Amino acid sequence: MQKIKNYINGELIEPAAGHYIDNYNPATGKVYSLIPDSDEQDVEKAVQAALTAFPIWSVTPKEERSRIMLKISDLIEKNLEGLAIAESIDNGKPISLARTVDIPRAASNFHFYATAILHYASESHAMEDMAINYTLRTPVGIAGCISPWNLPLYLFTWKIAPAIASGCCVVAKPSEITPMTAYLLSELCIEAGLPKGVLNIVHGYGHKVGAAITAHPKIPLISFTGGTKTGAEIARTAAPMFKKLSLELGGKNPNIIFADCDFEKAIKTTLQSSFANQGQICLCGSRIFIEKPIYEKFKKEFIEKVKALKVGNPADADSRLGAVVSKSHMEKVLSYIDLAKQEGGTIVSGGFQVKLEGEFAEGYYIAPTIIEGLAYNCRTNQEEIFGPVVTLTPFETEEEVLHYADSTQYGLAAILWTENLTRAHRMASRLHAGIVWINCWLLRDLRTPFGGVKSSGVGREGGFEALHFFTEPKNVCIKLK
Ligand code: TXE
C-alpha cells in the first residue's frame with residue numbers, strides 16, 4: 001500500500017516514530033494509502049530546517065523566488081490530470097470538479113503570488129519638508145500553515161504560495177483526511193528546485209502536528225483554514241504568544257433571491273452554490289431565502305433540477321455529486337437532516353444516504369437535500385452542516401431578509417439575486433459578511449480580500465493582503481533638517 005511521506009529539509013522522509021494512519025477513499029469506504037502519524041519530533045525537525053533556510057531564502061531576490069514558484073505552477077499544470085485523479089480519490093469530489101477547479105486554482109495560486117511579489121511595493125509618508133517616513137516590509141519568519149480537507153490542494157497552496165513569495169519559510173500541515181495532493185506537491189517542489197527547508201510538510205493529526213505547530217515558539221505566524229471550534233483553540237494557544245493569526249473559519253451563508261432576479265440564472269447558479277463539492281465549501285449558500293411572489297415557482301423548478309443531479313462514482317464524468325469526505329462527516333450531515341425533521345422541517349428532496357452498487361456500496365454518498373418549513377433561528381438554520389443540505393425560507397421585505405441573513409454567528413459570504421441595481425448596492429453594503437456575490441457565485445479575482453467577519457474568522461487572505469500578513473512592516477522616519 002502506498003505510504004505518504006513527510007517533506008522535511010528537501011527530502012521525503014518517514015515520521016520519526018514510524019507510525020501511520022489509514023487513509024480512506026470516500027467513494028468506496030476502503031483504506032487505500034497510509035499517512036504519517038507525525039508528532040512534535042517531526043515538527044521540530046521541520047522547524048529546524050525552516051530556520052536554517054530562512055536567512056538565505058528571506059534575502060533571495062524576489063525574481064529568483066518568483067522563477068522557482070512559476071516552475072512549481074507549471075509543474076502543477078503539467079501534472080493536472082494525475083493530481084485531479086488523486087484529489088478526487090482522496091476527497092470523494094467529482095473528477096470534473098478537481099480537473100476544472102481544484103488543480104487549476106492550485107497552479108494559479110503559485111502563478112499569482114510568483115508575479116504579485118514582483119509588483120509589491122511599500123508606502124512612504126512625507127511630513128512636508130520636515131521628514132520622510134517609509135515602510136520596510138520584511139518576511140516575518142517561519143510560517144505555520146494549516147489547511148482543511150474540503151479543497152485540499154487549492155487551500156493548501158493558497159497559504160503556502162504567498163508565504164514563500166514573501167520570503168517566509170513554511171511548516172505546513174494538510175488535513176489528515178486528504179493528504180495525497182500535498183504529498184504529490186512536495187515531489188513537484190523537489191523537481192522545481194525549491195531550496196531545501198523553504199517548504200516543509202508534516203502530515204498527521206490536528207491535535208498532534210497542528211497543535212505542535214501552533215504552540216511552537218519559533219513559529220510567529222499561523223495561517224489556518226478549518227472549523228470555527230479549531231480556530232478558537234488555535235487562537236487560545238497563539239494569543240498569549242502574540243502570534244500573527246489569519247483564521248478562515250466556517251460559514252452559513254445566505255442566498256437571497258428577489259422576485260425581480262434573472263430566474264434562469266438564479267436557479268442554475270443556486271444548484272452550484274448549494275451542492276458543488278457536496279456542499280462542502282465554506283462559501284456555499286446553504287440558507288436560501290426566496291421572495292414570496294416567486295417562492296412556489298422557484299421551489300418547484302429547483303426541486304425538479306435537484307432530483308436530476310446524479311450522485312455517483314466521482315470518477316464518472318457525469319456525476320454531479322460524489323462522496324462526502326468521511327464516514328463520520330456523513331453521519332454528522334445525516335444527523336442534521338434528522339434534526340431538521342425534529343425541528344418541524346419538511347424534506348422536499350433527498351434526505352437520505354445513497355447506496356451505490358458494487359465496489360461503491362460502502363462509500364459515503366448523500367442525496368442532495370432540500371428542507372422547507374423551518375424557522376430562520378432553529379439549529380438547522382444556524383449551525384454549519386457543511387454537506388449537500390439547503391433550506392428554503394420565504395420572505396417579504398428587505399428588512400426581514402437582512403434580519404434572517406445576519407442572524408447566525410457566521411459572516412463569511414452572501415449571495416444576492418436581483419436586477420434592481422440600487423437594491424443590490426444597498427443590500428451589499430448592509431449585509432454583515434466578508435464577501436457579497438451579486439448575480440453570481442464563487443467568481444474569484446485573486447487580488448480581492450478574502451475572509452469573513454464574526455465567527456467566520458479574523459484577517460483576510462488574497463492579493464496584497466496576504467503579502468502584508470506574511471511580512472512585518474517597520475516604519476523608518478528620517479528627519480530632513
Ligand atoms: O476541521 P478541523 P474538520 C468546518 C465544517 C466541518 C468542521 C470540522 O463545518 O464539519 O469544520 O471539520 C487541523 N490545532 N470546516 O474536523 O478539525 C486539522 O488536522 C491545530 C470548514 O476537518 O478544523 C486540519 O488540518 N490544528 C472549513 C485543519 O485543522 C488542528 C473547511 C482543519 O480541521 C487542530 C473544513 C488543533 N487542535 C471544515 N485540530 C472551511 N472554512 O473551509 C485540528 N487541526
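Tabulated data for the structure shown
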item	result
Strands (runs of 3 or more DSSP E) lying entirely in the range 207-298 (those with 2 or more residues that are in contact (Cβ under 8 Å) with a residue 12 or more places away in the chain, more than 19 Å from the chain's Cα centre (by Cα) and farther than 29 Å from residue 314 by Cβ)	254-257, 287-291
Selection from the range 98-143 of residues that are within 30 Å of residue 317 (Cα to Cα) and either in contact with a Phe, Trp or Tyr (Cβ under 8 Å, 6 or more places away or on another chain) or buried (at least 20 other Cβ atoms within 10 Å of the Cβ) (or both)	98, 101, 102, 103, 105, 106, 107, 109, 110, 111, 112
Every residue from the range 167-180 that is among the small types (Gly, Ala, Ser) and within 10 Å of the ligand (Cβ to nearest atom)	172, 175
Per-region count, the range 360-418, residues closer than 26 Å to residue 260 by Cβ, under 23 Å from the mean Cα position of the chain (by Cα) and either within 16 Å of the ligand (Cβ to nearest atom) or open to solvent by less than 10 Å² (accessible area, probe 1.4 Å) (or both)	11
When residues of the range 17-30 are limited to those that are in contact (Cβ under 8 Å) with a residue 40 or more places away in the chain and buried (at least 17 other Cβ atoms within 10 Å of the Cβ), the one nearest to residue 326 (Cα to Cα)	26
Criterion (among the β-branched types (Val, Ile, Thr), away from the ligand (no atom under 16 Å from the Cβ), at pLDDT 95 or above and crowded, with 24+ Cβ neighbours inside 10 Å) met by exactly one of 95, 164	164
Boolean, residue 33 is in a strand (DSSP E or B), open to solvent by less than 50 Å² (accessible area, probe 1.4 Å) and assigned by TED's automatic domain parsing to the domain that holds residue 146	yes
Cross-chain or 6+ apart pairs with Cβ under 7 Å, the range 371-385 first and without any contact (Cβ under 8 Å) to a residue 24 or more places away in the chain, then among the polar types (S, T, N, Q) and within 16 Å of the ligand (Cβ to nearest atom)	none
Residues located in the range 181-221, provided they are buried (at least 24 other Cβ atoms within 10 Å of the Cβ) and within 9 Å of the ligand (Cβ to nearest atom)	204, 209, 210, 212, 213, 214
Residue identified as out of contact with any strand residue (DSSP E or B) (no Cβ under 9 Å at 6 or more places or on another chain), open to solvent by 20 Å² or more (accessible area, probe 1.4 Å) and hydroxyl-bearing (Ser, Thr, Tyr) among 286, 328	328
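The values are calculated or read from the model by the stated rules, or taken from the named source; none is laboratory data. A quick note: this is a predicted structure, and the numbers were derived from the prediction, not measured. All Cβ positions, glycine included, derive from the backbone under ideal geometry; neighbour counts span all protein chains shown. Please note that ligands, DNA and RNA were not included when accessible areas were found on the heavy atoms of the full protein model with its side chains. Shrake-Rupley method; radii C 1.70, N 1.55, O 1.52, S 1.80 Å.
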